[in-house]
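What follows is a set of notes on a single structure, which appears directly below.
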Amino acid sequence: MALVELRDIKKIYHLGGETIRALDGVSLDVQAGDFTSIIGPSGSGKSTLMHILGCLDTPTSGSMSLDGMDIHDATPRQLAKVRGEKIGFVFQFFNLLPKLNVAQNVELPLIYQGTSGRGRKEKAMQALELVGLQDRAGHRPSQLSGGQQQRVAIARALVNDPRIIFADEPTGNLDTHTGEMILETFCKLHQEGRTIMLVTHDPEIAALTPQKIEIRDGKIAQNVDAKLAGKESRFKLSTSSHQSS
């Protein structure tokens with residue numbers, strides 16, 4: 001069984017008498033250990049797809065399972081439990097709390113799970129070590145570079161040892177050099193066996209991931225690999241310098 005299974009997922013909005021099909025019959029499987037990019041232009045439905053995959057939203061119709069659990073009819077409380085236990089999120093604008101230090105920001109998902117104070121601190125430091133920022137644990141976000149803040153966000157996504165990580169335009173607020181380092185971090189996590197789904201509008205980023213899904217007009221487009229074949233990327237990853245930003 002796939003880690004994530006979607007079957008004929010539809011998401012329909014009714015706005016001002018207009019019917020908007022954000023997703024229109026999407027079916028896909030995500031296997032454990034996959035590193036997949038979801039690519040498409042603005043308004044294509046890729047963010048809606050990520051929200052449903054990440055249990056942030058529910059479909060209008062269709063079925064979905066995550067790690068063997070049927071969740072398309074789950075209650076908001078059940079979805080929150082799934083997010084806390086099985087999913088990690090990384091966003092474009094970091095979403096760090098400025099009044100908390102780095103370690104406290106990373107601990108946040110564990111607070112919602114009821115993890116003890118000592119357990120939170122230990123897991124937070126382990127997650128920060130994975131992204132090379134254990135020596136910044138006491139710093140505030142404002143004392144870090146953009147790349148360091150995004151790596152803190154990645155540590156926060158890792159702290160509950162999720163089954164899958166969703167990253168929504170994680171390099172969109174960074175310069176090219178810093179973006180390379182963040183992508184190297186994701187590549188390293190993939191090499192360690194993590195399952196990652198990365199939403200991007202940038203075909204050069206999508207070309208770096210082994211699996212690719214293109215969304216257009218709420219549907220999965222065909223032959224995305226052929227479209228990206230031979231794509232010259234400005235990103236030159238070495239998986240060796242991600243700890244220096």
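The values are calculated or read from the model by the stated rules, or taken from the named source; none is laboratory data. Just so it is clear, the model here is predicted, and its values are computed rather than measured. Calculation scope for accessible area: heavy atoms of the full protein, side chains included, ligands and nucleic acids excluded. Shrake-Rupley method; radii C 1.70, N 1.55, O 1.52, S 1.80 Å.
So with the 1.4 Å probe, I'd like the accessible area per residue for the chain, rounded to whole Å². Accessible area per residue, the chain: 47 Å². The solvent-accessible area of residue 177, taken with every protein chain present and a 1.4 Å probe, is close to 110 Å².
Compute the Kirkwood hydrodynamic radius of the chain, taking the inverse of the mean of 1/r over all pairs of distinct Cα atoms, and give it in Å to one decimal. Walk me through the numbers before you get to the answer.
Details: mean 1/r = 0.0539 Å⁻¹.
By the Kirkwood definition, the hydrodynamic radius is 18.6 Å.
Just checking the listed ones, 50, 197, 69: in the Gaussian network model of the chain with Cα springs under 10 Å, the one fluctuating most is 69. Within the straight-line cut-off of under 13 Å between alpha carbons, the aspartates and glutamates reachable from residue 11 are 24, 57, 217, sequence neighbours fewer than 8 places apart in one chain being disregarded. Of all beta bridges that DSSP places with both ends in the chain, some 55 percent have antiparallel geometry. Split the accessible area of region 1-116 by element, probe 1.4 Å, and carbon with sulfur accounts for 51%. Too long at a 20 Å Cα-Cα cut-off: which of 46/123; 81/219; 121/188; 10/46? Where the Cα-Cα span goes over 20 Å, the pairs concerned are 46/123; 81/219; 121/188. Computed per residue of the chain from DSSP H runs no shorter than four, each worth -39500 (n - 2.57), the mean residue ellipticity at 222 nm is -10000 deg cm²/dmol.
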